[in-house]
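A short write-up of the structure that comes next.
Nothing in this text is a laboratory measurement; each read-out follows from the coordinates by a stated rule. Being a predicted model, the structure only gives us computed values, none of them experimental. Quick reminder, even Gly has a Cβ in these numbers, built from the backbone with ideal geometry, and neighbours come from all protein chains shown.
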Amino acid sequence: MLYRGSCHCEAIQFEIEAPERVVCQDCNCSICSKSGFLHLIVPKSQFKRLKGEENLTVYTFNTGVAKHLFCKICGIKPYYIPRSNPDGYDVNVRCLMPQPRELVIEPFDGQNWESHAHALAHLSREA
């Protein structure tokens, strides 16, 4: 299924390919829990930016590997390049339109990221 996504002001727009039944992760790390990000990691080939690259700003912390991409206008982070999956994109399910017909939310222990990140590696591999 093809989903469209955007930040709040729609200055940043993208499309992803994903199934109707989406399995996503709810991470308990500080940045994800404070921003309410629901993770859907997809391979780069299933992601297409439609609009707004010039409106993105990058935030990094800790190792600086993950590239947290925010809209300069409204401040929403609709997707980013995750440290666990630099070969893919991590999309905020809450920014998708339409919302998936079925959403399965799995807890992810990001507070202990180093011990659990390997469990995400398969999500950005081509099917």
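The amide H of Val23, built 1.01 Å from its N in the peptide plane, has Val104 as neighbours under 5 Å, considering only residues 5 or more places off or on other chains. Working from label points 7 Å from Cα in the Cα-to-Cβ sense, the Ser45 to Gln111 distance is 3.9 nm. Taken as Cα centroids, the stretch 91-127 and the stretch 15-41 sit 5 Å apart, rounded to the nearest whole angstrom. Shown for the chain: cysteine residues without a partner Cβ closer than 4.7 Å, namely Cys24, Cys29, Cys95.
The amide H of Ile12, built 1.01 Å from its N in the peptide plane, has Cys7 as neighbours under 5 Å, considering only residues 5 or more places off or on other chains.
One decimal place: the segment Glu15-Arg94 gains 27.1 nm when fully extended, by the rule 0.36 nm per residue minus the C-alpha distance. Each residue of the stretch 73-89 was assigned a 3J(HN,Hα) from its phi angle through the Karplus expression (A = 6.51, B = -1.76, C = 1.60, θ = phi - 60°), giving 8, 9, x, 7, 9, x, 6, 7, 9, x, 4, 6, 9, x, 8, x, 10 Hz with x at Gly and Pro.
Compared with the alpha-carbon gap, the fully stretched path from Ser30 to Lys67 is longer by 11.8 nm at 0.36 nm per residue. Computed from backbone phi with θ = phi - 60° and the Karplus coefficients 6.51, -1.76 and 1.60, the 3J(HN,Hα) list for the stretch 29-45 is 6, 5, 6, 6, 5, 6, 9, x, 6, 9, 8, 10, 8, 10, x, 4, 5 Hz; x is used for glycine and proline. Annotation: peptides 14-21, 115-122, ranked by per-residue average of other Cβ atoms within 10 Å with the highest first, follow the order 14-21, 115-122.
Under a 5 Å amide H cut-off, with hydrogens placed 1.01 Å from N, Ile41 pairs with Val91 among residues at least 5 apart or on other chains. DSSP finds beta bridges in the chain, and of those with both partners inside it, around 80 percent are antiparallel. Note on Val23 and His122: their simple-model spin labels are 0.7 nm apart, each label 7 Å out from Cα toward Cβ. Counting every C-alpha pair in the chain, the share spaced more than 26 angstrom apart comes to 13%.
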